[in-house]
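A short write-up of the structure that comes next.
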Amino acid sequence: MKKSLTLFALFTMTASLALAGPKQTGTVVSQTSVTCGEKKSKKQSLDLTCHQYVVRAGSIDYTVQQAKPEDQALIPLHANVEFKLDKSKMKLKANGESFEFKVISQAPANSTPPAPASSTPN
């Protein structure tokens, strides 16, 4: 019984890793800061910002955003990165550090990346 449970657990872990997709390489082509929530206190409300990047991998541009506003590490522009896509998340390695991002969009690389939302009225 223990052997069959061990084999089942091993099979399940292997299958989940295979579904995550192969490792890919890319380059960070742009970085912006966007509003991603707010922190409320008794006296005031503060907007929280997150880093948003465009990662170009071959013919696809992925727009990704920090999963948590607390993560404030910056990835330099034109940095070579290695990443894995897992559903709507990107697990990325840059300069020896690991990061996790939410995938916001993907578009052909020859199109221009989406402009960040501005808070300035027209």
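Derivation of every value follows stated rules applied to the coordinates shown; laboratory data play no part. Keep in mind the model is a prediction, meaning the values are calculated, not measured. Positions of Cβ are generated from backbone atoms using ideal geometry, with glycine treated the same way; all protein chains shown enter the neighbour counts.
The length gained by stretching the chain between Lys87 and Asp47 to full extension, at 0.36 nm per residue less their Cα-Cα distance, is 11.6 nm.
How big is the C-alpha Rg of the stretch 20-108 next to the rule-of-thumb value 2.2 N^0.38 Å, as a ratio?
Values: Rg = 13.9 Å, N = 89, 2.2 N^0.38 = 12.1 Å.
Rounded to two decimals, the normalised Rg is 1.15.
Using a simple spin-label model with pseudo-atoms 7 Å out from Cα toward Cβ, Asn110 and Ala73 lie 3.6 nm apart. Taking Cβ atoms as reference points and 15 Å as the exclusive limit, the residues near Pro69 contribute a net charge of -1, counting Lys and Arg as +1 and Asp and Glu as -1.
Let me check I've understood the local charge: for Val103, count other residues with C-beta under 13 angstrom from its C-beta, Lys and Arg +1, Asp and Glu -1. What total comes out? Spell out each step's value before the answer.
On the way: positive: Lys84, Lys87, Lys89, Lys91, Lys102; negative: Asp61, Asp86, Glu100.
Spelling it out: positives minus negatives among the neighbours equals +2.
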